[in-house]
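Only one structure is covered here, and it is reproduced in the block below.
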Amino acid sequence: MRSSKSLVSAACVAAGLLLLGGCGALAEQHPGKLTIRVARVTGTPDAPMLELGLDCRLSGPMQDALDHGIPLTLQIHIEAGRWRLLPADARSDQRIELRYFPLSRRYQLRDLDAAADVRSFATPGYLLAGLNSLRLPLPATFANLQRGTPVHVDAGLETAALPGALRLPALFEPAWQLSAVEYTWQPAPG
Amino acid sequence: MATRAWLKFTLRRALPALAVLALLLASLKLAEDAAGGGGVGLYYRWILGAAAAALALLALAIAQRLWRLRVDLQRGAPGARLGRRLLVMLVLLAVPPVVVVYGFALRFLDATIDNWFNVKLEQALDNALEIGRIVIDERLRVAERSSVDISARLDTMPANELQAILDDEIDEIGATQLAVFGNDGRVIATASSDPRYLDPPLPDATMQMRMQGNGRYAAAEPIGDLLMLRVAVPIASDVPGSRRLLQGLFPLPTRLQALTRGIENASFDFQRLKFLRGSLKLTFALILTFALLLSALLVTLAAFGVARRLVAPVGRLIAATRAVGAGRYDTPLPIASNDELGFLVDSFAQMTREIEFASARAQKSAQETERQRAWLVALLERLSAGVLGFDQSGRLRIANRAAEGILGVSAAHYLGRSLAEIEREEPHLAAFTEPLARHLRGGLREWREELVVDTSDGRRVLMLRGTALPDDAGYVAVFDDLTVLNRAQRDAAWGEVARRLAHEVRNPLTPIQLAAERLRRRFLGRLSAEEGELIDRATHTIVSQVEALKTMVNAFGDYARPQPAALRPIALHALLDDVLDLYENDQRIGLSRDLADGEPLVRADAVRLRQALHNLIKNALEAIGDARKPQILVSTRIVRDDEQEWVELAVADNGPGLPTGFGERWFEPYTTSKNKGTGLGLAVVKKIAEEHGGSIRAENRAQGGAVFTLRLPIDIAPGVAKQPALVPH
């Protein structure tokens, strides 16, 4: 009886140490960074556009995944409305895909909602720099916002678009956490 | 009750089943997703959460069952220990194989995934990719040369002729698109052989940097859905500051396009799998862990169920056994199944029925025995003869009340003791115990002996008979108090004597007295003085002796009074006052009274009771004699004895006290210590007391003298009499 109790205690201690070790290992991973540098609604009243400047730095695993042909999808959510709890005056979700093609050694930036908008880059640096100047089409409702209506934008890695095997790490590993703090502004009148 | 049953069913059955189902579905879905066939990306965390919740629920269900088992063990519920043993056995049987399979599955999974990444395959894919790149580079060089040639032709061309040249050359060199950009990056001219590529892609920073570094740009780029060769070369110009640029998009041949795409996809998939190797292992390990936990928890839950199902009939059998042990035979038994347990239940039920019948018979027999014993005890208690029962070793086992009364000892105190031990504590009974012990030792089957025993109530004549019980069950001794019988016989004899005296003697007395008086009257005057005096003395003597004989005959008549006493409620104190008032004025007597409170009523014949009181006072006065002034105290008191209230009328004197050897015989006729008197006074008092259901006893007083106490049963309690009692005058 005593030996079985000791065995259980040892197992508990080992599990605790493993858990602590796992937490420590997770904490050591450097997450990526995503910041919305600038955002504004431009374009014509019929075809408003979101001009978005994202500063993005991928974590090691993310960059590795990209280089191994795993596309990374950034989800950009834009919403206009005075009260967050009420239905928004206008809202839109955009998805940007980052992808690498090994044969041509090119990185591609694609607006998944506008198939024609594809840009390719020779290096990941240029790819990420390409995120500095995104022009994304918006629904017409964004052109008719009332004066002073705040517009909120947030962006982040869409883990649901990752391969199934990566979903578990993406849930728990800090290296797979990539989201920007919400950016809010009030469009200038006119 | 229905709500409780539903809640119990939900908590104990439905929820664990749902948890198992959820865990199973979640594991399958996660496995499918990890293998690439998922589509659960949006719900991944919910599925994972549901699996964790299901695990927690199963763990809680097991914890609840464990807790219940612990409680059952602590309160010693029937079958709890067996259930625990069975549970441990089932879990020990089921869990290790599952764990072993889990370990092997992990190992197999690890090896299988590693086997996917064959080094040679990877090398082949890399080589194929490199070949593709070489082919593309070759194509790029061709496209570059073509572009340089066109550029050379364009360097002197005015802007308005550029379009024509591009239109001519595009088909010539097999380009998909040709475009000339000006200094400011604007498109000066463009030509396209494919309507999908009408808008030329603008030179980006990378291209411009490469242009600045290498003077030209050539690369394969994914444009649209196709891999295109993009070439940009500067167009020389004589105009200072003019930096025009020719950009051409060249397609790969269709076959090459397909081949390179296939190579790229294959390499892509391989690299992606390679990257996902660790995550795949982790995910599959997680799913296997879910499967392991599901199996282990399910096995444990099932073990609980199986153990409960197996043990429940045993537990109920144990409970039934306890109930039968406690004498309850109506405990429901489990339904007999068609197996060994069913046979056991059937056998137990049959055994219970037989025990119940046997117990009922035994109980009935015990009741009958108890009834017989009670009847025997009642019989013994009502016997006037004393009965003592001894076991084989001579120890007292039973004694009736009559034995206690005759011997004057408490039988309960001596039960279980031998005659020798009784004799040590009651040495005055030696005349009884010694012959009895001698007969018991003698082993005679039957014997009898008359004994004279001194008890606390005086000397008694006992007729002792003994019998050995059959089957060496012991002995029984029966003894009758012949003292009472003898006294009764003497009383009857005295009564007969008295009756005969009253009848035979009284009749001739009057003629004798009359004849003597006639003699005296006839001859007293005729005879001489001397003879006359003789006649006078003789007749006087005859008359006086006849008077004395009459008095004696009357006394005998009183003693042998044939007619029964006329009993009526009598106020005793009033009757006492009436009698005592007759003596109150006699200066020779010091009479005092000390009567109890209230007015006790007795059912009595007032005349007889008055006579008894006169006799007692007369007896006291005669006992005191002339030596001192008689001091007589008449008192009453109420006593309770044998559930009956009595009044005790005591007449105390200051005489010499009772004579030595005073006993029951002194209440018989012609027993007296005085020189005069008939000796019938106390006998009459005793007879009157017995006629009234009472008794008379005598004892010496501590301060000297004797006291005679007449005890009579009270008819109505003092102080509660509502009917006026008869006060005789």
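Observations on the model:
- Three-way shape label, segment A:115-177, alpha-carbon gyration tensor, a/c 1.5: oblate
- Angle in degrees between helix B:254-325 and the longest Cα principal axis of chain B, rounded to the nearest 10: 10
- Per residue, the convex hull volume that the Cα atoms of segment B:383-562 enclose (Å³): 159
- R0 of 51 Å, Cβ-Cβ distance B:Ala159-A:Gln186: FRET efficiency to nearest 0.05: 0.65
- Loop-located trypsin sites (Lys or Arg not before Pro) in segment B:103-185 (DSSP state other than H, G, I, E, B) with a sparse environment of at most 16 neighbouring Cβ atoms within 10 Å are absent.
- Inter-probe distance in nm under a simple model that places probes 7 Å from Cα toward Cβ, at B:Leu73 and B:Thr369: 4.5
- For chain B, adding -39500 (n - 2.57) for each run of n ≥ 4 DSSP H residues and dividing by the number of residues yields -19500 deg cm²/dmol at 222 nm.
- Rounded to the nearest Hz, the phi-derived 3J(HN,Hα) couplings of segment B:530-538 under the Karplus curve 6.51 cos²θ - 1.76 cosθ + 1.60 (θ = phi - 60°) are 5, 5, x, 5, 4, 4, 4, 5, 5, where x marks glycine and proline.
- Between B:Phe523 and B:Glu584, the simple label model (points 7 Å from Cα in the Cβ direction) yields a spacing of 5.2 nm.
- The fewest-to-most ranking of B:Lys618, B:Lys687 by surrounding Cβ atoms within 10 Å reads B:Lys618, B:Lys687.
- √(5λ) per eigenvalue of the Cα gyration tensor, the protein assembly as shown, largest first, Å: 148, 34, 20
- What the phi angles of segment B:141-152 give under the Karplus curve with 6.51, -1.76 and 1.60, with θ = phi - 60°, is a coupling list of 5, 4, 5, 5, 5, 4, 5, 5, 4, 5, 4, 5 Hz, glycine and proline written as x.
- Here the extension length gained between B:Gln489 and B:Glu533 equals 11.0 nm, from 0.36 nm per residue of separation less the Cα-Cα distance.
- Separation of alpha-carbon centers, segment B:631-662 and segment B:585-619, rounded to whole Å: 12
- Least to most buried among A:Thr141, B:Thr510 (fewest other Cβ within 10 Å first): B:Thr510, A:Thr141
- Part-to-part distance (alpha-carbon centres) for segment A:124-190 and segment B:281-334, which is given in Å: 55
- Packing-based exposure ordering (other Cβ within 10 Å, fewest first) of A:His152, B:His439: A:His152, B:His439
- For the listed residue pairs B:Lys618/B:Lys687; B:Lys8/B:Lys29; B:Lys29/B:Lys281; B:Lys550/B:Lys618; A:Lys33/B:Lys29, the alpha carbons are over 21 angstrom apart in B:Lys8/B:Lys29; A:Lys33/B:Lys29.
- Axis of helix B:44-74 versus longest Cα principal axis of chain B: the two differ by about 20°, to the nearest ten degrees.
- Average beta carbon contacts from partner chains per residue of B:272-285, 10 Å cutoff: 5
- Shape box of chain B [Cα atoms, principal axes, largest first, Å]: 232, 62, 40
- 17 Å cut-off, amide nitrogen to a point 7 angstrom out along B:Leu256 Cα→Cβ, residues in segment B:114-155: B:128-148
- Three-way shape label, segment B:455-545, alpha-carbon gyration tensor, a/c 1.5: prolate
- Calculated FRET efficiency, B:Leu451 to B:Arg12, Cβ-Cβ distance, R0 = 60 Å: about 0.10 to the nearest 0.05.
- Entry note, segment B:410-537: relative contact order of 12 percent, from Cα contacts under 8 Å with a spacing of 6+ residues.
- Remark: segment B:440-454, residue by residue, has Karplus-estimated 3J(HN,Hα) of 5, 5, x, x, 5, 6, 9, 7, 8, 7, 9, 10, 10, 10, 8 Hz, where x stands for each Gly or Pro and the curve is 6.51 cos²θ - 1.76 cosθ + 1.60 at θ = phi - 60°.
- Reachable aspartates and glutamates, given that their alpha-carbon falls under 20 Å from the alpha-carbon of B:Lys629 and they are not under 8 places away in the same chain: B:Asp581, B:Glu584, B:Asp586, B:Asp594, B:Asp653
- Computed E for B:Val497/B:Glu356 - FRET, C-beta separation, R0 60 angstrom, nearest 0.05: 0.25
- Averaged over peptide B:217-229, the number of partner chain Cβ atoms lying within 10 Å of each residue's Cβ comes to 4.
- Separation of the B:Asn183 and B:Glu504 label points, Cα + 7 Å toward Cβ, nm: 19.4
- Average beta carbon contacts from partner chains per residue of A:56-65, 10 Å cutoff: 1
Read-outs throughout are calculated quantities, based only on the coordinates presented, and are distinct from any laboratory measurement. All values reported here derive from a predicted model rather than from experimental measurement. Methodologically, a virtual Cβ is constructed for each residue, glycine included, from the backbone with ideal geometry; neighbour enumeration extends over all protein chains shown.
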